[in-house]
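Report on the structure given below.
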Amino acid sequence: MNSLIRFIVRYQFFLLFLVLETFSFWLLSTHSYYQSTKLEDATRTLTGFASTRISNATKYLKLAETNEHLAQSNLELRNQLAALNTRYDLLRNKLGDTLVEPNYSYTLAKVVNNSINKQYNYLTLNVGKDHGVKKEMGVVSSQGVIGIVAGVSSNYSTVISLLNVDLKISAKLKRTNHFGSLYWDGKNYREVLLTDVPQHVAVSIGDTVVTSGYSAIFPADINLGTISSVEGKGSNFHNLKVKLFADFKQLSSVWVVSPKLESEREDLENTTTLR
């Protein structure tokens, strides 16, 4: 009680000022229509500003949940698209059986570890044998190819990244269908090289590069990037720099690609090769 009294005595003039200010605002707001209107407008402005900030903060905190829903929706759409593409191919070839299984299916995964600043970069995913993941399955994101599964445990898998100088994949020019080998040279994490495209092929800056589909690992026509420079004059083949669509620094959700007819295709190709 003594402390309270000492506080009041010490700050008596400041407290008197607050009381008088509060009383003045009350008089203005209750006895003047103009001042009352202005005060209400100011109150609404402050309330709206506070509500907007609170709403934005709430949305930001829910981004992880929103991204999870979007990734799951994209997974479902990818599986539906794979089924539709297979049925379209069958109809185009007049096979007539539209109930056949799609050639590829997809499994949603989270990137739990990732490197981009080495010559031999790898990723770790939170899916493994228990989720149907096997070695040499492809990994893609909404922006393109990410890599190929290199090792698998029960609940995790390691992926050799596209940003690994040991990895090469088959790719082609979307506009002309001419194919070549695509690989990373260990320099810029946003660029890879496409080689073995013949010099007679007309190539332009900005042309889109996609997967060729010549390997069972990746479906055809998955976007990889766009041509950023054309080199190799004086040789038989172009040396093309490709700016990747995928930003490997921002990887979160990816999909593991599971080919349905891989074993049949490999058996046939191995048998043919042995002859």
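Structure values in brief
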| item | result |
| --- | --- |
| Any hit, the stretch 83-102, residues being within 17 Å of Val254 (Cβ to Cβ), modelled with pLDDT under 95 and assigned to a loop (DSSP other than H, G, I, E, B) | no |
| Filtered residues of the stretch 186-200 (kept if farther than 20 Å from Thr211 by Cα and in contact (Cβ under 8 Å) with a residue 60 or more places away in the chain) | Gly186 |
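The values are calculated or read from the model by the stated rules, or taken from the named source; none is laboratory data. Predicted, not measured: the structure shown is a model, and the values here were computed from it. Neighbour counts are summed over all protein chains in view; Cβ atoms, including those assigned to glycine, are modelled from backbone coordinates with ideal geometry.
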